[in-house]
Amino acid sequence: VQLVESGGGSVQAGDSLRLSCAASGRTFSSLGMGWFRRAPGKEREFVAAINWSGIIKYYADSVKGRFTISRDNAKNTVYLQMNTLKREDTAVYYCARHQGLGLHNTENYFDSWGQGTQVTVSS
């Protein structure tokens, strides 16, 4: 599967952005998807995940209430709506495909990754 992120950019603190991740392949609608990010000088960390139907969603505590993950299986696309952005949200954001059943928030459960899209938040 190929994953291509888009929608990153440079914004001011308090602004919003919506990231998109377009997936190729027939298995998109049957698997969970996730978003991770890597800030400068830090390890990649979990941001959000969504199961195949869109009913189950997990969020990192740092983004809960500000970010929303969603998906459109007809378009093979997963989204990350980011509101009230903070400087500490600055990072490269990656989407990833969850493997197998269930939904988890650790990297070892994700087997395909996009190239990433840069989000820069300035105050």
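The values are calculated or read from the model by the stated rules, or taken from the named source; none is laboratory data. Note that the coordinates shown come from a computational prediction; the quantities given were computed from them, not determined experimentally. Reconstructed Cβ throughout: ideal geometry from the backbone, glycine too, with neighbour counts over all protein chains shown. Heads up: the accessible areas ignore ligands, DNA and RNA and are worked out on the full protein's heavy atoms, side chains in. Shrake-Rupley method; radii C 1.70, N 1.55, O 1.52, S 1.80 Å.
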Exercise. Just one of (1) part of a loop (DSSP other than H, G, I, E, B); (2) closer than 25 Å to V121 by Cα; (3) open to solvent by 20 Å² or more (accessible area, probe 1.4 Å) trips up R18, so point out which.
Key: (1)
Self-check item: Residue count for region 24-38, restricted to those that are in a loop (DSSP other than H, G, I, E, B) and over 14 Å from the mean Cα position of the chain (by Cα)
Solution: 5
Practice problem: Tell me, yes or no, whether region 45-56 has at least one residue that is open to solvent by 50 Å² or more (accessible area, probe 1.4 Å) and in contact with a Phe, Trp or Tyr (Cβ under 8 Å, 6 or more places away or on another chain). | Solution: yes
Exercise. Go through region 68-119 residue by residue and tally those that are open to solvent by less than 70 Å² (accessible area, probe 1.4 Å), touching a residue at least 24 places away in the same chain (Cβ under 8 Å) and under 15 Å from the mean Cα position of the chain (by Cα).
Key: 31
Exercise. Please go through region 1-41 and pick out each residue that is free of Cβ contacts under 8 Å to residues at least 12 places away in the same chain and charged (D, E, K, R).
Key: R26
Self-check item: Residues of region 42-59 satisfying the condition of being part of a strand (DSSP E or B) and free of Cβ contacts under 8 Å to residues at least 24 places away in the same chain
Solution: E45, K57, Y59
Quiz item: Which members of region 57-67 meet the condition of being open to solvent by 60 Å² or more (accessible area, probe 1.4 Å) and under 19 Å from G102 (Cα atoms)?
Solution: K57, Y58
Practice problem: List the strands (runs of 3 or more DSSP E) that sit entirely inside region 60-123 and contain at least 1 residues that are among the charged types (D, E, K, R). | Solution: 67-72, 91-98, 110-113
Self-check item: Top-ranked residue in region 1-56 [being β-branched (V, I, T) and touching a strand residue (DSSP E or B) at 6+ places or on another chain (Cβ under 9 Å); ranked as farthest from L101 (Cα to Cα)]
Solution: V11
